[in-house]
Amino acid sequence: MATAPEHLDAPQSAPRNVRQWVAEVAAHTQPERIHWCDGSEAEYRALIQGMLGSGVLLQLNQQTHPGCYLHHSHPSDVARVEHLTFVCTEQAADAGPNNNWIAPGEARARMAALFAGCMRGRTLYVVPYCMGPLDSPFARCGVEITDSPYVAASMRLMTRMGAAALERIGRDGTFIRGLHSTGELDPERRFIMHFPETLEIQSYGSGYGGNALLGKKCHALRIASWQARSEGWMAEHMLLVGVENPAGQTHYIACAFPSACGKTNLAMLVPPETMPGWKIWTIGDDIAWLHPGADGRLWAINPEAGYFGVVPGTNAQTNRHANDMIQHNTIFTNVAMTAGREPWWEGLEDGKPAFDWQGRPYDPKNGPAAHPNSRFTVSAHQNPSYSPMADAPGGVPISALVFGGRRRSLAPLVYQARNWSHGVLVGAGMASETTAAATGAVGVVRRDPMAMQPFTGYNFGDYWAHWLAMGSSISKPPGIFHVNWFRRDAAGRFLWPGFGENLRVLAWIIERCEGRGAALETPIGAVPTEAAINLAGLDLDPGTMAELLAVRTPDWQREMEEIGSYLAGYGARLPEALRREHAEVLARLARA
Ligand code: OXD
Ligand code: MN
């Protein structure tokens with residue numbers, strides 16, 4: 001039978017249910033060794049040394065980038081694979097038209113065949129982790145079993161991983177079971193399966209973050225969204241920031257933008273020099289768990305402890321904090337490298353690439369030097385704007401929720417929904433141009449409700465009903481807004497400078513939450529007057545603001561028709577209140 005030993009190094013604190021599951025998995029996957037991760041610095045260093053020895057990591061220049069390493073993934077394994085990602089509920093209708101579905105029995109059989117003996121000759125890592133502060137009642141734990149040292153090391157950067165998480169699992173008595181193997185990295189033998197009814201994840205054949213670091217998209221969004229619905233909270237694809245004004249007051253804002261639409265940049269925004277006294281505090285850059293508080297407000301935690309951010313475009317001008325943060329103790333994946341072994345990517349002014357993201361001598365004929373979805377993995381503690389409130393067990397109170405997407409035209413720079421249920425429609429109607437974060441065509445507009453199209457672990461109809469119910473359960477709901485940093489002119493140039501200047505829009509959002517901020521009512525919501533956004537020190541061409549804020553009735557009528565047909569696809573599961581909100585916007589447009 002298996003070479004897997006009887007938990008030779010299982011820690012004393014390992015709960016019986018975890019040991020038992022590890023034993024079952026080991027018997028099936030037949031690893032050569034089992035390593036229980038304790039999350040220590042020494043363990044991290046040993047993992048890194050092992051990967052340097054086996055060639056999984058390359059050492060970058062330790063003088064200029066101490067503690068930085070480069071991983072080249074398999075060239076076919078560079079992004080999330082939505083077409084191979086499944087939600088396996090007993091009833092197909094519970095997964096909904098928004099998910100790929102296979103019956104759990106069939107999915108289990110398919111995955112059991114793939115996992116059988118797949119860890120022969122490999123080490124099985126047991127990775128206990130906690131999503132959220134270890135002492136937070138809102139945190140949830142999991143155990144990922146993986147045969148990838150890259151995953152084990154990355155989980156230490158991205159989550160609260162190791163002995164303390166294992167102890168909490170012992171106290172909780174329960175955990176999410178996540179089983180992962182890189183398998184053969186064969187796209188024909190690659191599946192990411194979720195079983196929300198039994199709180200399990202099985203991922204085979206990929207080492208890419210979103211498919212393999214199971215705490216992130218698989219647990220903290222797909223499984224957590226299911227748990228959240230049954231327990232009365234929300235798991236959302238949102239960054240979380242504190243915006244401190246010159247008077248020293250901080251408002252917390254949660255923003256849902258699709259993948260690779262600038263969440264990390266906004267989360268670490270450096271205020272422009274023309275806005276002295278403002279400060280941005282990062283709580284999280286990708287995921288928020290929101291809970292109704294006893295005070296009638298929504299309170300949020302970031303379940304993650306690190307960032308898995310898109311690298312290209314990052315530099316001292318676009319995002320000084322991210323740029324500083326990734327100069328040390330960072331794992332880079334699929335960036336290019338200079339002759340002096342420094343990491344390099346498109347958008348860096350200094351240096352030039354000698355090797356591309358596949359390690360080949362750089363040749364512009366082969367395309368960009370760094371892969372457009374190349375990433376950094378880094379602990380949140382390295383972020384100069386990291387908020388001490390990110391570790392607060394009860395989270396932070398939310399003043400505003402902001403939806404957004406990449407739209408060349410149509411959506412104004414910012415607008416505010418009339419109320420919570422109209423805001424749910426604004427979120428449900430979101431659309432954005434696709435990016436390199438998932439495989440498939442880039443730049444195609446697709447519906448991405450609440451930026452959760454790839455991440456909601458159940459039927460969107462039920463999800464919107466849950467959003468509406470959450471609104472009714474809080475007496476002081478946050479304002480709901482929509483932003484579009486990506487509107488372009490007829491020549492295709494971006495109209496808005498973006499990056500740090502986005503603070504000007506956040507400042508208006510905060511004013512609105514405080515009952516100030518001038519706005520014009522339009523059929524789609526309240527749009528700022530041109531004078532309401534602080535433009536001091538910004539050199540915009542005349543007419544730019546008017547174009548950025550324009551709401552064109554015929555375009556919106558077409559958009560609302562499309563949203564109507566899209567929502568109708570959810571049939572009887574579409575909440576009546578959402579249908580009503582949609583009809584009301586159409587009626588307002590007809591009167592405009
Ligand atoms: C991510 C994504 O990596 O959304 O955060 O794809
Ligand atoms: Mn994301």
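Across the range 559-582, which residue is surrounded by the fewest Cβ atoms within 10 Å (Cβ to Cβ) among those that are among the charged types (D, E, K, R) and within 30 Å of the chain's Cα centre (by Cα)?
Among them, the one singled out is 576.
So, of the residues in the range 224-240 that are within 16 Å of ligand 1 (Cβ to nearest atom) and of a type in the set (A, V, I, L, M, F, W, C), which turns out to be nearest to residue 200 (Cα to Cα)?
Looking at the filtered set, the residue picked out is 224.
For residue 415, only one of the following conditions fails: (1) within 16 Å of ligand 1 (Cβ to nearest atom); (2) under 30 Å from residue 559 (Cβ atoms). What is its number?
Here residue 415 meets the rest and fails (1).
Return yes or no: is residue 401 surrounded by 20 or more Cβ atoms within 10 Å (Cβ to Cβ) and assigned to a strand (DSSP E or B)?
Yes; evaluated as a whole, the condition is true for this residue.
For the range 441-462, what are the residues that are in a loop (DSSP other than H, G, I, E, B) and either under 20 Å from residue 216 (Cα atoms) or touching a helix residue (DSSP H, G or I) at 6+ places or on another chain (Cβ under 8 Å) (or both)?
Within the range 441-462, 448, 452, 453, 454, 455, 456, 457, 458, 459 meet the criteria.
Which numbered condition in (1) closer than 23 Å to residue 450 by Cβ; (2) more than 11 Å from ligand 2 (Cβ to nearest atom); (3) out of contact with any Phe, Trp or Tyr (no Cβ under 6 Å at 6 or more places or on another chain); (4) not in a loop (DSSP other than H, G, I, E, B) is the only one that residue 269 fails?
(4)
Here is a yes/no grid of residues against (1) at pLDDT 95 or above; (2) over 22 Å from residue 279 (Cβ atoms); (3) surrounded by 14 or more Cβ atoms within 10 Å (Cβ to Cβ); (4) in contact with a helix residue (DSSP H, G or I) (Cβ under 9 Å, 6 or more places away or on another chain):
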position: 489; (1), (2), (3), (4): no, yes, yes, yes
position: 497; (1), (2), (3), (4): yes, no, yes, no
position: 526; (1), (2), (3), (4): yes, yes, yes, yes
position: 533; (1), (2), (3), (4): yes, no, yes, yes
position: 537; (1), (2), (3), (4): no, no, no, no
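Find the helices (runs of 4 or more DSSP H) located wholly in the range 162-238 whose residues include 1 or more that are more than 21 Å from residue 451 (Cα to Cα), and list them.
163-172, 224-231
Suppose we filter 174, 159 for residues that are in the same structural domain as residue 22 (by TED's automatic domain parsing), surrounded by 19 or more Cβ atoms within 10 Å (Cβ to Cβ) and out of contact with any Ser or Thr (no Cβ under 9 Å at 6 or more places or on another chain); which single one remains?
Just a single option satisfies the conditions, and that option is 159.
Please go through the range 50-101 and give me each residue that is among the acidic types (Asp, Glu) and touching a Leu at 6+ places or on another chain (Cβ under 7 Å), ordered by number.
77
Determine if the range 41-52 includes at least one residue that is within 16 Å of ligand 1 (Cβ to nearest atom), in contact (Cβ under 8 Å) with a residue 40 or more places away in the chain and within 25 Å of the chain's Cα centre (by Cα).
Kept after step one, since they are within 16 Å of ligand 1 (Cβ to nearest atom), are these residues of the range 41-52: none.
Within the range 41-52, none of the residues are within 16 Å of ligand 1 (Cβ to nearest atom), in contact (Cβ under 8 Å) with a residue 40 or more places away in the chain and within 25 Å of the chain's Cα centre (by Cα).
Residues in the range 336-350: is at least one β-branched (Val, Ile, Thr), crowded, with 16+ Cβ neighbours inside 10 Å, within 19 Å of the chain's Cα centre (by Cα) and not assigned by TED's automatic domain parsing to the domain that holds residue 269? Before the answer, list the steps.
Filtering the range 336-350 for residues β-branched (Val, Ile, Thr) gives 338.
Checking the rest, the ones that are also crowded, with 16+ Cβ neighbours inside 10 Å come to 338.
Filter once more, so that each one left must be within 19 Å of the chain's Cα centre (by Cα): none.
No - not one qualifying residue is present in the range 336-350.
Tell me the residue from 396, 402, 424 that is within 21 Å of the chain's Cα centre (by Cα), closer than 26 Å to residue 79 by Cα and β-branched (Val, Ile, Thr), please.
Details: 396 fails: closer than 26 Å to residue 79 by Cα; 424 fails: closer than 26 Å to residue 79 by Cα.
That would be 402, the only listed residue that is within 21 Å of the chain's Cα centre (by Cα), closer than 26 Å to residue 79 by Cα and β-branched (Val, Ile, Thr).
Would you pick out the residues in the range 243-266 that are in contact with a Phe, Trp or Tyr (Cβ under 7 Å, 6 or more places away or on another chain), at pLDDT 95 or above and either part of a helix (DSSP H, G or I) or within 16 Å of ligand 1 (Cβ to nearest atom) (or both)?
256
Confirm whether residue 125 is part of a strand (DSSP E or B) and either of a type in the set (Phe, Trp, Tyr) or not assigned by TED's automatic domain parsing to the domain that holds residue 194 (or both).
When the stated conditions are applied, residue 125 passes them.
Tally up the residues in the range 265-307 that are of a type in the set (S, T, N, Q) and surrounded by fewer than 24 Cβ atoms within 10 Å (Cβ to Cβ), please. Show your work before the answer.
Kept after step one, since they are of a type in the set (S, T, N, Q), are these residues of the range 265-307: 265, 274, 282, 302.
Then keep just the ones that are surrounded by fewer than 24 Cβ atoms within 10 Å (Cβ to Cβ); that gives 274.
Selection size over the range 265-307: 1.
How about the range 49-92: which of its residues are hydrophobic (A, V, I, L, M, F, W, C), closer than 20 Å to residue 218 by Cα and not in a loop (DSSP other than H, G, I, E, B)?
Passing the criteria: 84, 86, 87, 92.
Quick one: residue 432 ticks every box in (1) surrounded by fewer than 22 Cβ atoms within 10 Å (Cβ to Cβ); (2) in contact with a Gly (Cβ under 6 Å, 6 or more places away or on another chain); (3) at pLDDT below 95; (4) not acidic (Asp, Glu) except a single one, so which number is it?
Result: residue 432 fails condition (1) only.
Would you please name the residue that is farthest from ligand 2 (Cβ to nearest atom), looking only at residues in the range 407-440 that are in a loop (DSSP other than H, G, I, E, B) and β-branched (Val, Ile, Thr)? Working first, answer last.
Going through the range 407-440, the residues in a loop (DSSP other than H, G, I, E, B) turn out to be 407-413, 417-419, 429-430, 434-437, 439-440.
Those still in the list that are β-branched (Val, Ile, Thr) too: 434-435, 439.
On the way: 434: 13, 435: 10, 439: 15 Å.
So the residue we want is 439.
Please go through the range 272-302 and give me each residue that is in a loop (DSSP other than H, G, I, E, B), of a type outside the set (D, E, K, R) and within 11 Å of the chain's Cα centre (by Cα), ordered by number.
Selection gives 287, 302.
The values are calculated or read from the model by the stated rules, or taken from the named source; none is laboratory data. These figures come from a predicted structure and were not determined experimentally. FYI the Cβ positions are ideal-geometry reconstructions off the backbone, even for glycines, and counts take in every protein chain you see.
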